[in-house]
Each structure stands twice: as C-alpha cells, then as structure tokens.
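Trainee: Below is a structure I'd like to ask you about.
The values are calculated or read from the model by the stated rules, or taken from the named source; none is laboratory data. All values derive from a computational prediction rather than experimental measurement. Here the Cβ is made from the backbone with ideal geometry for all residues, glycine too, and neighbour counts use every protein chain on show.
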Amino acid sequence: MEPGDRPKAIPGLDGLRALAILAVLVYHLRPATLTGGFIGVDIFFVVSGFLITTLLLREVAANGAIDLKSFWLRRARRLIPALVTCVVVSVTAAFFVGGDLLVGIGRQTLGALTFSTNWVEIGAGSSYFARTSPQLFVNFWSLAVEEQFYLFWPIIVAILLVATKTVRTRVRIVGAIGIASAAWMAFNVAPGTDATRAYYGTDTHLFGLMFGAALAFMWSRYSILDSQLWHRWRIPASLLATALLAVLLGVVTEDNVWTFRGGLVLASFATTIIIAAVISGRHPFLPVMESVPVKWIGARSYGIYLWHWPVILILAAMTPSVVPDSVASWVMRAIACALTLAIAATSYRYIETPIRRHGFRVCAHRALVAVRSAQHWQPRAIAATAAACLAVMPVAIATAPEKSETQLQIEAGEKLLAEKAKQDEQPAEAAPTESTPAPVTASEKATGDGVHDDGAGNGDTAKAADTLDTGVPTGKEISAFGDSLLVTTIHAMEDRFPGIAVDAKSSRQWPAGLQQIRQALDAGRVRRGVVIALGTNAGLPDPSMLRDALDALGTDRLVVVVNIYGKSTWIDSVNADIAAIANEYANVIVADWHGAISDNRGLLQADGVHPGIKGAHLYADTVKAAFEQLSATLTSS
C-alpha cells in the first residue's frame with residue numbers, strides 16, 4: 001500500500017498526546033501519585049517520530065522529493081511562537097517573584113531559544129535529578145531533543161530513500177539506530193550515579209523517535225501491518241501493550257537504574273504497538289482517545305507542556321510556606337492546572353493557530369493594523385504588555401544570580417572543608433578512647449529481631465556494651481561521612497561537635513560514600529563515633545551497601561545513620577530500609593532528620609531539601625540527640 005492510500009487523518013494520536021501530557025502533569029504536581037509519569041515524554045517521542053516520518057513520506061509520494069525549506073518553515077511556525085512567548089512571560093514573572101527562580105536564567109534562555117537545552121545543561125553540569133535550584137525551563141530538554149530531530153531527520157530520510165531499495169531495509173536501519181541508542185543509554189548509567197547525561201542526550205534518548213519512525217516506514221508500504229497475522233493479533237497485542245504502559249507509569253521511578261536500562265525502552269515499544277493498533281482503527285480504547293475532551297487536551301498538549309513547569313515553579317515560589325499534601329497544597333495544584341490549561345488554550349487560539357495557518361508576515365501585519373486601530377483597546381493593551389515584558393527580560397537576565405542559595409551554602413561548606421584539610425596535613429589522630437578494629441564479617445555482627453521504640457538497634461546489646469565505650473562521643477571522637485546535606489550543615493556540626501572529622505562532598509552517592517568509609521578504615525582514620533549521612537540525591541539504591549558499611553565499621557563504634565528528607569517518591573521506602581537495617585545492629589541508631597524537619601519545613605532552603613542556617617542547627621541537634629539516645633540505651637542495658 002502506498003503512502004497516499006493511507007487515510008489522511010490519523011486517528012488516536014491526539015489521544016496519545018493527551019495521555020502523555022496528563023502523565024507528565026500529574027508527575028510534576030505530585031510524583032508519588034504517578035511515579036513513572038515522566039514516561040509521558042517517551043510517549044511524545046514515539047508519536048513525533050511516527051507523525052513526522054509519515055508526513056515526510058507522504059510529501060515524497062506526492063511531490064517526488066522533500067522540500068526541506070518548507071518543512072523547516074512549517075516546524076518553525078508550529079514551535080517558535082508559543083516557545084518564545086512562554087520564555088519571555090516566564091522570565092518576566094520570575095523577575096517580579098524573586099528568590100532562586102532566576103538562577104542561571106541566561107543559560108536556560110539561551111538553551112530554550114536555540115533548541116539546545118539538553119546539551120547546554122549537560123555542558124553546564126546540571127542535574128535533572130538533584131534539583132538544588134529551580135530551573136524554569138528544565139522541561140525544555142525534551143523539546144530540544146525533538147527539535148534537533150526535526151532539523152536532521154528530513155535529510156536522513158531523503159538519504160535512506162535514495163540509498164536503499166526496500167522498506168524492509170529502511171525499517172531495519174532505523175530500528176537498529178533505535179536499539180543502538182537504547183544500548184548507549186544503558187551503558188551511560190550505573191547504580192548510584194546521576195543519570196542526567198544519559199537521560200538528556202539526543203544520542204542516548206533517540207530510541208523512541210526511531211521506533212515511531214520505523215513504524216511510519218512500515219505503515220507506508222510494508223505488508224506486515226496489512227497481514228492476516230497482524231489483523232488477528234492486533235487487539236490482544238494492543239491490550240497487552242496498554243497494560244504494560246499502565247504498569248510502567250505506575251511503578252517506574254527515576255532513581256532506579258533499570259528505568260534507563262530497559263524501562264523507557266519498554267514504554268516506547270509499548271507505545272509503538274498502541275499506535276500500530278490505533279492507525280488500523282482497531283484499538284479498544286479508540287473511542288475514548290477520539291472523544292472531544294481528550295482530543296482538546298491532545299491538540300493543546302504542546303502549550304500545556306511548555307507552560308506547566310514554569311507555572312508550577314512560580315506558584316511554589318509565591319507560596320513557600322505551603323506544606324506538602326496539605327489542603328493548601330491541593331488548592332495550589334488545582335490553581336496550577338487551571339492556569340496551565342487557560343494559558344495553553346489562549347496561546348493555541350491566538351498565537352499558535354493563526355501563525356501556523358497564515359505565517360509570520362501575515363500575522364505580524366494583522367497585529368500591527370490592530371494596534372494602530374482606535375476601535376478596540378485590547379490590542380494596544382496586549383502590545384503594551386508584550387513591550388513591557390521584552391523590556392524587563394534583559395534586565396532579569398543581566399541581574400540574575402548564577403548560583404542558588406543552596407549552591408552558595410554548599411560552596412561555603414566545601415571551602416571550610418578544604419581549609420581544614422590544608423590545616424591538617426596529616427590524618428587526624430584518633431582520640432585516646434578510640435579503637436580501630438578490623439572490619440568484621442556479617443557472621444560476627446550482633447543481630448536481633450524486634451524494634452525498640454527508642455530507635456536503637458536491638459541486637460546483642462550486652463555484648464556491644466562490653467566491647468565499646470558507650471559514653472556520648474565528643475567531636476574529637478566522631479568521624480562523619482556524607483553528601484551535600486552534611487556539607488551545608490558543616491558549620492552547625494562543628495558548633496555542636498568541636499573537632500569532628502568530616503568527609504563530605506556534594507552529589508556524593510552511596511557507592512562513593514561506601515568507598516570513602518572503607519578507605520578511611522584502611523588508613524586508621526575512623527573514630528569511635530561515626531555519622532553516616534548519604535542518599536540525599538539518589539537514596540539507597542542497594543540496601544546491602546548500608547549493611548556493608550556497618551559490617552566494616554564493626555561493633556566497637558557508636559554509629560548514627562541519618563535518614564533523609566526530600567520530595568522524591570522513594571523517600572519513605574529508603575527511610576524504611578535504613579530503619580530496618582539499623583535495627584539489626586546494637587551499636588547503630590537512626591537520627592530522624594525526616595521527622596525533625598517535617599515539622600519545621602520553614603527552615604529549609606528554596607529547594608525544599610537542604611536546610612538553611614537555623615535548619616542546619618536542627619540537623620546537628622538531631623544527630624546529637626541520636627548519639628545521646630544510643631549511649632543511654634547501651635549504658636542502661
């Protein structure tokens with residue numbers, strides 16, 4: 001079947017777009033509700049790959065060639081007006097709201113306006129997952145991937161059509177590119193490390209676009225979609241794919257390495273199967289996907305995606321005291337949804353659609369005529385507002401801070417740690433009461449079965465008390481290992497524990513933290529009191545890492561493990577793992593930072609994770625209270 005023989009209107013695509021944008025919106029409003037909602041981006045990629053390739057093949061079938069200039073102009077008309085409007089208005093609004101919203105806004109604006117957000121942020125060393133500062137246009141990374149695809153894909157399609165003779169060969173080549181991209185993503189991630197490079201990269205996240213493109217080639221002429229085999233199995237296959245996609249949306253998390261080593265690929269493949277069923281008009285949910293409300297959302301999905309994240313961030317900055325999951329927080333979520341839909345609908349009607357239909361010149365001329373007309377005041381008001389935004393925007397960029405409050409505090413802590421390292425040319429000597437035992441095996445540790453109300457482990461308490469000094473350690477008797485949370489609280493920790501030895505680094509995750517503990521043990525630098533404060537960014541990817549650390553530290557030290565607080569969906573499960581493992585060791589206790597700061601969220605910085613100055617003292621007090629509680633428990637046993 002030739003491309004021209006296929007139906008011009010492709011059913012169900014707006015429905016898939018609606019599903020994708022709703023998943024992303026729910027995820028960004030409340031990640032715990034739909035932990036895999038970010039998969040919506042991969043649904044968009046598959047839809048875009050299929051649709052753009054189909055349009056290109058239809059143009060070749062109709063005209064014999066691809067008019068690159070016309071194609072790129074159509075894409076520019078479709079994408080640029082709404083994007084520029086969103087950037088200008090968002091930067092202006094952020095300027096008046098203040099706070100950390102404008103941190104790095106010059107770099108972000110450059111990436112947004114040049115369709116290179118993903119590579120600009122990779123080059124700047126930004127983390128999609130750490131989120132130490134709010135980024136107004138962090139969601140533009142996926143738009144950049146798509147826009148780069150639009151730039152190069154027509155050329156590649158033209159080359160494929162000339163260089164290959166059969167559709168089967170083209171499908172194999174495009175599919176191979178997709179598989180190679182997926183493999184490259186898998187290669188670029190490792191447990192406990194930041195996956196931003198793998199997630200953002202066009203090279204590593206190309207597979208969804210390629211799967212959609214391969215389907216478009218198949219649909220153009222390849223007989224498999226017209227075969228009896230496909231006709232017999234398309235409904236069961238589409239139902240299975242839909243179920244798989246639903247499961248992935250509900251269970252996949254951004255901190256799990258298998259999300260990037262198969263999860264996103266599975267979601268893309270499932271979406272491809274769904275599209276294959278939809279375009280044949282046989283998907284069971286097609287009536288829902290073609291319903292008026294769903295199509296309305298799908299048609300405006302681009303604008304909704306553009307605006308939703310800036311709206312969420314700006315509202316959050318305006319209401320910093322709102323407690324997560326309180327009534328006020330649900331009201332703010334409802335307001336964010338309503339504003340996003342209203343702005344996207346307005347943009348679609350008055351900006352996107354006119355320019356897409358009539359072009360830049362005609363619309364610019366009509367706007368100029370409307371402003372000069374004295375019949376209506378609205379055009380002049382809109383023009384004045386636009387001019388004001390354009391005037392404010394360069395001022396906002398020029399005066400924007402390059403670093404957030406959190407970043408500045410992290411740097412201050414790192415500077416203090418560096419100064420201490422210079423002062424201590426030799427490793428700190430152990431306190432007179434410190435013992436430095438060799439690492440012990442799991443069979444040598446004290447273990448037990450219940451959970452004490454006081455939070456201390458209930459292993460062989462009597463044995464632990466006989467082999468260690470149960471007194472509350474002083475600062476000179478404490479070694480602390482941690483990440484950015486320990487870095488930002490270093491001043492308060494030194495105030496509470498003078499002489500404490502701190503080994504901390506921003507963005508350190510559990511694999512690196514465990515390595516530092518082992519190296520310190522080998523060097524004889526671990527004191528009788530130990531603080532472990534890791535997992536702020538990526539949690540505890542493998543609970544055995546904590547066990548390995550505690551086994552290595554042995555039963556002759558008092559160990560405090562600080563649990564974590566944040567906005568990620570895995571916080572509760574990680575804290576449950578920490579509590580369960582700590583309970584296996586008589587000499588280990590959990591410092592409940594999560595509980596302490598949950599009642600004092602106003603002491604957190606703008607990122608909602610790292611404490612401010614007063615919050616840092618609360619952190620140190622929480623650690624001190626844990627040492628005192630552990631000492632009392634062991635002494636009284």
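Trainee: So how many residues does the stretch 260-288 have that are polar (S, T, N, Q) and free of Cβ contacts under 8 Å to residues at least 60 places away in the same chain?
Mentor: Of all residues in the stretch 260-288, those polar (S, T, N, Q) come to 268, 271-272, 280.
Now narrow it down to the ones that are free of Cβ contacts under 8 Å to residues at least 60 places away in the same chain: 280.
Of the residues in that region, 1 qualify.
Trainee: Scan the stretch 289-307 and report the pairs whose first residue is outside any helix (DSSP H, G or I) and whose second residue is aromatic (F, W, Y), with Cβ atoms within less than 6 Å and a gap of 6+ or a chain change.
Mentor: R300/Y348
Trainee: Test each condition in (1) crowded, with 18+ Cβ neighbours inside 10 Å; (2) free of Cβ contacts under 8 Å to residues at least 60 places away in the same chain for W330 and report the one that comes out false.
Mentor: (1)
Trainee: Consider V322 carefully, then state whether it is part of a loop (DSSP other than H, G, I, E, B), surrounded by 13 or more Cβ atoms within 10 Å (Cβ to Cβ), without any contact (Cβ under 8 Å) to a residue 40 or more places away in the chain and not acidic (D, E). Write out each step before concluding.
Mentor: Numbers: part of a loop (DSSP other than H, G, I, E, B): yes; surrounded by 13 or more Cβ atoms within 10 Å (Cβ to Cβ): yes; without any contact (Cβ under 8 Å) to a residue 40 or more places away in the chain: yes; not acidic (D, E): yes.
Yes; evaluated as a whole, the condition is true for this residue.
Trainee: Here's a follow-up. What pairs come out if I take residues in the stretch 45-58 that are among the basic types (K, R) and pair them with residues that are part of a helix (DSSP H, G or I) whose C-beta lies under 8 Å away, six or more apart or interchain?
Mentor: Between residues of the stretch 45-58 that are among the basic types (K, R) and residues that are part of a helix (DSSP H, G or I), the close pairs are R58/P3; R58/G4.
Trainee: Name the single residue, out of those in the stretch 340-390 being among the polar types (S, T, N, Q) and either touching a residue at least 60 places away in the same chain (Cβ under 8 Å) or not assigned by TED's automatic domain parsing to the domain that holds A299 (or both), that is nearest to A299 (Cα to Cα). Break it down stepwise before answering.
Mentor: Residues of the stretch 340-390 that are among the polar types (S, T, N, Q), as a first pass: 340, 346-347, 353, 373, 375, 378, 385.
Still in the list and also either touching a residue at least 60 places away in the same chain (Cβ under 8 Å) or not assigned by TED's automatic domain parsing to the domain that holds A299 (or both): 340, 347.
On the way: T340: 14, S347: 12 Å.
Applying the filter and picking the extreme gives S347.
Trainee: From R525, R557, grab the single residue that is surrounded by fewer than 23 Cβ atoms within 10 Å (Cβ to Cβ) and at pLDDT 90 or above. Write out each step before concluding.
Mentor: Values: R557 fails: surrounded by fewer than 23 Cβ atoms within 10 Å (Cβ to Cβ).
Just a single option satisfies the conditions, and that option is R525.
Trainee: Here is a list: V531, V609. Which entry is among the β-branched types (V, I, T), farther than 30 Å from V26 by Cβ and crowded, with 19+ Cβ neighbours inside 10 Å? Break it down stepwise before answering.
Mentor: Working: V609 fails: farther than 30 Å from V26 by Cβ.
Of the residues listed, the single one that is among the β-branched types (V, I, T), farther than 30 Å from V26 by Cβ and crowded, with 19+ Cβ neighbours inside 10 Å is V531.
Trainee: Pick from G595, G602: which is over 27 Å from V472 (Cβ atoms), part of a helix (DSSP H, G or I) and touching a Ser or Thr at 6+ places or on another chain (Cβ under 9 Å)? Reasoning before the result, please.
Mentor: Values: G595 fails: over 27 Å from V472 (Cβ atoms).
One residue alone meets the criteria, G602.
Trainee: Suppose we filter the stretch 376-416 for residues that are more than 30 Å from S126 (Cβ to Cβ) and part of a loop (DSSP other than H, G, I, E, B); how many remain?
Mentor: Here the count works out to 2.
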